[in-house]
Amino acid sequence: MGPAARIWACSSLLGLVLFWNVLFLFKLSDHPRVSPQLNATLTLLIWSWPFGGAANLTGDVCSRLYCITGCRLTTNRSLFSQADVVVFHHRELRYGRWDIPPSKAHPGQNWVWVSLESPSHTQALEGWTGDEWNWVLSYRRDADLFIPYGELVPRSSDVVDIPEKTGLVSWVVSNYHHSQARAAMYRNLSRHIRIDVFGRASRKPLCPDCLLPTISKYKFYLAFENSVHWDYITEKLWRNAFLTGSVPIVLGPSRANYQQFIPASAFIHVDDFGSAEELATFLTTMNESHYRSFFAWKQSYVVRLHDDWRERFCTICRRYPSLPQKKVYPDLKRWFWGY
């Protein structure tokens, strides 16, 4: 985004920000000193940066990158007593539960539990049955802070660009386990058609810059999730398939769930077929006109990825005025697993 475009984008958001600030001022009367005052800077302490990484948080990063004003991100734990929000990423929690504060620093402080992994790949959820967690940041649409892996945003275009194809089906997989549903589907499908497999779990690893160009050469991509859970639709669809111009063949939640995120005509669901052989026949007999119809969404939408942790955390500030006050999750595992 160029300077002029960024200025326009920020100015267009200014009215919305002011609206939420005014709305928030009225909420303060119900919760004295539980939240920052109007025009004050909200301090978000990220207790441990996700996956042991680090990010450049110098300057007003939320304003500079995402036009979100009045938001300070920090990893400086000495600011714990001043923090309005403390963010905990679950992967680090499971290794160091002993390392977190015994309680909140003040009545107005809210703690956020963060995980973008599925329940099947989120370990050590047991024991979180107190009043630690006020809000949840997740890919789930019922989370307080719903942040999907990607989304389609409106645009208008008469040109639908489809890269030239030299292969039929590709799959990039890092962690392959025979017990997974996706592994079983791959084995069945590969008996009927050729599938070129790349990634750490194959004999054809890809460099980071090679991933998207390689997938773009194939007509179809196996956007198979590592586990099947409601709303769990990851970069396998948004980045690996949609951004490369490859039609996604999805294995994950139901077709109806996918259609809450993307058009029905933009993907192929394995559940639409009675067998892997039937799916293989569908792929190999498809004419060019039918194939191009899977890209009709490109005339109205463009893909936007949400893959920067700074954006995810800055979004907490943007949504802060509308987040529920005095909310707690008495049993985190029960909520996350949905029982």
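Can we say Y186 is touching a helix residue (DSSP H, G or I) at 6+ places or on another chain (Cβ under 7 Å), modelled with pLDDT of 95 or more and surrounded by 14 or more Cβ atoms within 10 Å (Cβ to Cβ)? Walk me through how you get there before you give the answer.
Working: touching a helix residue (DSSP H, G or I) at 6+ places or on another chain (Cβ under 7 Å): no; modelled with pLDDT of 95 or more: yes; surrounded by 14 or more Cβ atoms within 10 Å (Cβ to Cβ): yes.
The answer is no for Y186.
Select from region 322-339 the residues that are of a type outside the set (K, R) and surrounded by fewer than 19 Cβ atoms within 10 Å (Cβ to Cβ) and list them in ascending order. Talk me through it step by step, then tell me what you get.
Within region 322-339, the subset of a type outside the set (K, R) is 322-325, 328-332, 335-339.
Hits for region 322-339 are S322, L323, P324, Q325, V328, P330, D331, W337, G338, Y339.
When E126 is tested against (1) at pLDDT 95 or above; (2) of a type in the set (D, E, K, R); (3) exposed (fewer than 13 other Cβ atoms within 10 Å of the Cβ); (4) farther than 28 Å from P263 by Cα, just one condition goes unmet, and that condition is (1). Note on region 262-282: among residues that are exposed (fewer than 13 other Cβ atoms within 10 Å of the Cβ) and touching a residue at least 24 places away in the same chain (Cβ under 8 Å), the one that is nearest to S246 (Cα to Cα) is S265. Candidates V153, V160: the one that is part of a strand (DSSP E or B) and of a type in the set (A, V, I, L, M) is V153.
Of E132, E117, which residue is within 14 Å of the chain's Cα centre (by Cα) and part of a loop (DSSP other than H, G, I, E, B)? From the options E132, E117, the qualifying one is E117.
Could you check how many residues of region 199-240 are aliphatic (A, V, I, L, M) and either in contact (Cβ under 8 Å) with a residue 40 or more places away in the chain or within 18 Å of F273 (Cβ to Cβ) (or both)?
Taking region 199-240 and keeping what is aliphatic (A, V, I, L, M), we get 201, 206, 211-212, 215, 222-223, 228, 233, 237.
Right, trim to either in contact (Cβ under 8 Å) with a residue 40 or more places away in the chain or within 18 Å of F273 (Cβ to Cβ) (or both) and you get 215, 222-223, 228, 233, 237.
Number satisfying all stated conditions: 6.
Of all residues in region 60-115, exactly one satisfies the criterion of being touching a residue at least 60 places away in the same chain (Cβ under 8 Å) and farther than 21 Å from L42 by Cβ, namely S115. Here the condition is being under 18 Å from the mean Cα position of the chain (by Cα), of a type in the set (S, T, N, Q) and loosely packed, with under 15 Cβ neighbours inside 10 Å; of Q299, Q259, it holds for Q259 alone.
State whether one or more residues within region 314-333 are in contact with a helix residue (DSSP H, G or I) (Cβ under 9 Å, 6 or more places away or on another chain), basic (K, R) and modelled with pLDDT of 95 or more. Checking region 314-333: at least one residue is in contact with a helix residue (DSSP H, G or I) (Cβ under 9 Å, 6 or more places away or on another chain), basic (K, R) and modelled with pLDDT of 95 or more. From the list L45, L79, the one residue that fits, being in contact with a helix residue (DSSP H, G or I) (Cβ under 8 Å, 6 or more places away or on another chain), modelled with pLDDT of 95 or more and within 15 Å of F313 (Cβ to Cβ), is L45.
The values are calculated or read from the model by the stated rules, or taken from the named source; none is laboratory data. It should be emphasised that the depicted structure is a prediction, and the values quoted were computed from it without experimental measurement. Neighbour counts are summed over all protein chains in view; Cβ atoms, including those assigned to glycine, are modelled from backbone coordinates with ideal geometry.
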